[in-house]
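Just so it is clear, none of the values below were taken in a lab; they were calculated from the coordinates. Bear in mind that the values here come from a model prediction, so they are computed numbers and not experimental data.
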Amino acid sequence: MGRTPGVRLLLVGFALLLGLGVAVATGAVRVGKVAPPPSGPVIPPLGVAKNGAFTGSGVTFRYPAGWRTLTGAPVPVGELGPMRRIVIGSGAGSDRVVVQAFRLQTPISDATSSALMGVVSQEIAAFAQAEHGTVTSPVKAAALGEMPAFAARASWQGPGGVTMQGRFYFGYEGYAVFEVSCQRATTDPAEIDAGCDQIVKTFKVA
């Protein structure tokens, strides 16, 4: 059985870290291994989202108070997988925001950030191609809260042929990489866009 487009989007972060593995050969970026939690091979929650405020894993951000935590499909934790994840949204269709945290073995510096940007560009392009879509805004420098980040946009074919739109942010600080992926169907109200903006602007790392 094929994965739904929503589940595929949840896997973008995993693909990113697989891509970062290419840089290991040069010693530029190294990815730390992540051991599965005692409860089983699924990604543990990033933290707690309640009444429009998220906190956990040294991260805080604000989101629309009417949103709730959504159940994402269990995704096995590989040695290059995300350490923590939370999926939130209004619960309408496939509209959602996925926030994931990764831990690297070596910190991102000015010298290695260009390698990270290249990997992000490759993975977003590969994702769009696999989903019969396109990159609508190439990867460029941005900000995730006060962190430097890379951002891109893509569209792809969703359930029933509906066009999906995605915004991807990859913020980095020291050994940490944080991914915020926002997705919505073009036929749905733009509520997810406003919520995505709120999360990106208020994202803080302790």
_Share of pairwise Cα separations in segment 64-206, more than 25 Å, in percent_ = 26 percent
*Would you mind calculating the gained length between Gln122 and Ala206 on full extension (0.36 nm times residue separation, minus the Cα-Cα distance), in nm to one decimal?*
27.3 nm
